[in-house]
1. Could you pull out the residue among Pro68, Pro42 that is in contact (Cβ under 8 Å) with a residue 40 or more places away in the chain, touching a helix residue (DSSP H, G or I) at 6+ places or on another chain (Cβ under 8 Å), surrounded by fewer than 17 Cβ atoms within 10 Å (Cβ to Cβ) and not assigned by TED's automatic domain parsing to the domain that holds Leu269?
2. Looking at (1) more than 24 Å from Leu197 (Cβ to Cβ); (2) modelled with pLDDT of 90 or more; (3) not in a strand (DSSP E or B), find the lone condition where Gly34 falls short.
3. Do we have any residue at all in region 254-264 that's without any contact (Cβ under 8 Å) to a residue 12 or more places away in the chain and acidic (Asp, Glu)?
4. Within the group Leu49, Leu37, Leu8, which residue is closer than 15 Å to Ile202 by Cβ and either without any contact (Cβ under 8 Å) to a residue 24 or more places away in the chain or among the aliphatic types (A, V, I, L, M) (or both)?
5. Report yes if some residue within region 236-245 is over 20 Å from Asp161 (Cβ atoms) and more than 18 Å from the chain's Cα centre (by Cα); otherwise report no.
6. Considering only residues that are outside any loop (DSSP other than H, G, I, E, B), surrounded by fewer than 17 Cβ atoms within 10 Å (Cβ to Cβ) and of a type in the set (Val, Ile, Thr), which ones fall in region 128-180?
7. How many residues are closer than 13 Å to Leu235 by Cα and among the hydroxyl-bearing types (Ser, Thr, Tyr) if we restrict to region 255-307?
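The values are calculated or read from the model by the stated rules, or taken from the named source; none is laboratory data. Bear in mind the structure is a predicted one, so any value in this text is a computation, not a measurement. Every residue, glycine among them, receives a Cβ derived from its backbone with ideal geometry; neighbour counts consider all protein chains shown.
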Amino acid sequence: MHPTIALLIDNIEKAIIGKTDAVTMVIGALLCGGHVLIEDVPGVGKTQLVLALAQSVGGKFNRIQLTPDIMPSDIVGFSMPNMVTKEFEFKPGAAMCNFLLADEINRASPKVQSSLLEVMEERQVTVDTCSYVLPRPFMTLATQNPIETFGTYHLPEAQMDRFLIRISLGYLDQDTEIQLLDRKITEQTNVNLSAVLTESEIIQMQEEVQNIKSHDSIKEYIIKLVNSTRNNENLKLGVSPRGSIGLHNMAKAVAFIVGREFITPDDVLRCAVPVLAHRIILSQRGKGAFKTTQSAVENLLKSIIIP
């Protein structure tokens with residue numbers, strides 16, 4: 001494993017234990033400059049993971065608790081008159097940071113969810129026809145509870161497609177949860193980690209990830225996998241070109257994390273479900289054949305010949 005990444009993972013796991021795979025995926029998304037949707041039941045450490053990542057990297061972290069009464073200006077900012085200069089001044093919103101935690105994103109109204117589209121894709125906010133570029137690196141990490149539906153709003157497909165990966169933490173195994181119980185309550189709730197990476201180091205690693213080599217056979221494998229979702233009677237919506245780019249970039253990040261300078265088919269297989277499953281919609285036939293979109297992607301992986 002890349003030594004710097006190993007140091008980052010070790011630091012994050014001081015706050016959240018037993019979730020190495022999920023932590024690795026989130027770091028991979030960071031190295032791609034992508035966004036993460038953490039979808040899971042309450043109490044499994046979604047917010048804790050985001051906070052630990054932000055503290056481990058010396059960047060600005062903002063958290064916004066999304067509720068139906070939140071306004072778009074709370075995220076993108078607003079202009080207000082300066083009584084001294086008699087001119088309008090821009091007051092930045094929560095998005096003006098390096099790490100934006102959009103907690104319980106599906107509780108925000110569609111109007112507020114739409115305000116995140118420009119933030120996530122163009123990495124800028126536009127207020128009163130003026131655009132303001134977000135700092136680098138920038139990453140949106142959103143959480144949502146898939147169980148509760150009362151008082152929530154379905155995330156539109158356009159926004160789901162802007163998340164590079166969707167992950168679930170799941171419950172801890174018995175031995176790991178015993179370790180969790182052995183910790184002091186203050187250690188669980190008041191996490192205060194020291195930064196082990198700087199913003200410039202993250203940007204440098206992002207550039208190194210883009211230089212990871214990819215053989216033509218790997219690219220063809222990715223395109224065959226993506227195309228299999230577009231002409232499939234079990235799927236109503238297939239993966240977009242943004243999804244194929246995301247899978248290629250995420251495979252590069254996984255290769256970088258393990259210390260390789262090239263992509264292997266295993267890298268693609270490892271990140272295929274987190275990158276693709278949230279981008280597809282099952283048809284009526286598909287709902288009968290598969291319980292989840294994750295199962296559908298896993299089935300497609302078995303049907304494509306590995307190079």
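1. Pro68
2. Going through (1) more than 24 Å from Leu197 (Cβ to Cβ); (2) modelled with pLDDT of 90 or more; (3) not in a strand (DSSP E or B) one by one, Gly34 breaks only (1).
3. No, the conditions are met nowhere in region 254-264.
4. Leu8
5. no
6. Val133, Thr176, Ile178
7. Looking only at that region, the number is 4.
This table checks each residue for (1) under 22 Å from Ala52 (Cα atoms); (2) assigned to a strand (DSSP E or B); (3) not assigned by TED's automatic domain parsing to the domain that holds Thr143.
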| position | (1), (2), (3) |
| --- | --- |
| Glu89 | no, yes, no |
| Met96 | yes, no, no |
| Leu101 | yes, yes, no |
| Lys111 | no, no, no |
| Met120 | yes, no, no |
